[in-house]
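The values are calculated or read from the model by the stated rules, or taken from the named source; none is laboratory data. Bear in mind that the values here come from a model prediction, so they are computed numbers and not experimental data. Positions of Cβ are backbone-derived with ideal geometry, glycine not excepted, and every protein chain shown enters the neighbour counts.
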Amino acid sequence: MKKLNLILLLVFGLMLSLNATAQEQITWMKFEEAIAANAKSPKMILVDVYTDWCGWCKKMDKETFVDPAVVAHLKKNFYAVKLNAEDTNRKFEFMGKTYSEADMAAAMRVRSYPNFVIIEPGLQNIAQLPGYRPAPDFLAGLNDLVKKAFGVKQP
């Protein structure tokens, strides 16, 4: 009986620890995947323009983009895209032209990293939110930018 209780206790503890580590995550897409998703169900697109050597980009990934409030907000209001500003190999089509990720970053006039480009659902207007921000500042800056650039108030 003591062994059974111990086994049940261990199984219960394991289940709790697995549940705690299985937190929600942002579903990062490729640029063309977000465009296709937007065509079916329009939403703003948030493009995280990064480089492999960017320490602040890595800090955003490890701290800001795992924050539950940020994850929930991005999942609800945006298609989230990762775009490597130095990748000249991966190509995709957009509005009748072929781009590499580096070409697209240049077309969006990104010159510093990390940089967050917000594209409105009609794919005609963009706005930028540059620089590292901890979760509360990222959400505040993102909401303020979306309101000012596109006239949309987000919850």
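Given the structure, is ALA140 assigned to a helix (DSSP H, G or I), over 17 Å from LEU74 (Cα atoms) and of a type in the set (A, V, I, L, M)?
Values: assigned to a helix (DSSP H, G or I): yes; over 17 Å from LEU74 (Cα atoms): no; of a type in the set (A, V, I, L, M): yes.
So ALA140 fails the test.
Could you list all residues from region 59-90 that are among the polar types (S, T, N, Q) and either surrounded by fewer than 16 Cβ atoms within 10 Å (Cβ to Cβ) or free of Cβ contacts under 8 Å to residues at least 12 places away in the same chain (or both)?
Our first condition is that a residue be among the polar types (S, T, N, Q); within region 59-90, this holds for 64, 77, 84, 88-89.
Within region 59-90, THR88, ASN89 qualify.
Among the residues of region 91-127, what is the count of those that are loosely packed, with under 14 Cβ neighbours inside 10 Å and of a type in the set (D, E, K, R)? Please lay out each step first, then the result.
Just the residues of region 91-127 that are loosely packed, with under 14 Cβ neighbours inside 10 Å, to begin with: 91, 93, 95-98, 106-107, 109, 111-112, 122, 124-125.
Still in the list and also of a type in the set (D, E, K, R): 91, 93, 97, 109, 111.
Total satisfying the criteria: 5.
On the given criteria, is PRO130 surrounded by 14 or more Cβ atoms within 10 Å (Cβ to Cβ), closer than 12 Å to VAL47 by Cα and modelled with pLDDT of 95 or more? Break it down into steps so the answer makes sense when it comes.
On the way: surrounded by 14 or more Cβ atoms within 10 Å (Cβ to Cβ): yes; closer than 12 Å to VAL47 by Cα: yes; modelled with pLDDT of 95 or more: yes.
Here the answer is yes, as PRO130 does meet what is asked.
Scan region 106-126 for residues that are hydrophobic (A, V, I, L, M, F, W, C), over 17 Å from MET60 (Cβ atoms) and part of a loop (DSSP other than H, G, I, E, B) and jot them down.
Start the filter on region 106-126 by keeping residues that are hydrophobic (A, V, I, L, M, F, W, C), which leaves 106-108, 110, 116-119, 123, 126.
Imposing the further condition that a residue be over 17 Å from MET60 (Cβ atoms) reduces the set to 106-108, 119, 123, 126.
Correct list: MET108, LEU123.
Considering every residue within region 62-71, establish whether at least one is farther than 18 Å from LYS30 by Cβ, β-branched (Val, Ile, Thr) and touching a helix residue (DSSP H, G or I) at 6+ places or on another chain (Cβ under 7 Å). Break it down into steps so the answer makes sense when it comes.
Step one: list which residues in region 62-71 are farther than 18 Å from LYS30 by Cβ, which gives 62-64, 66-71.
Next, from what is left, pick out any that are β-branched (Val, Ile, Thr): 64, 66, 70-71.
Filter again for touching a helix residue (DSSP H, G or I) at 6+ places or on another chain (Cβ under 7 Å), leaving 64, 70.
Yes, region 62-71 contains at least one residue that is farther than 18 Å from LYS30 by Cβ, β-branched (Val, Ile, Thr) and touching a helix residue (DSSP H, G or I) at 6+ places or on another chain (Cβ under 7 Å).
Look at region 56-105 and say how many of its residues are closer than 23 Å to LYS43 by Cα, touching a strand residue (DSSP E or B) at 6+ places or on another chain (Cβ under 9 Å) and part of a helix (DSSP H, G or I).
7
Within region 30-39, which residues are more than 12 Å from GLY122 (Cα to Cα), assigned to a helix (DSSP H, G or I) and not hydrophobic (A, V, I, L, M, F, W, C)?
Within region 30-39, GLU32, GLU33 qualify.
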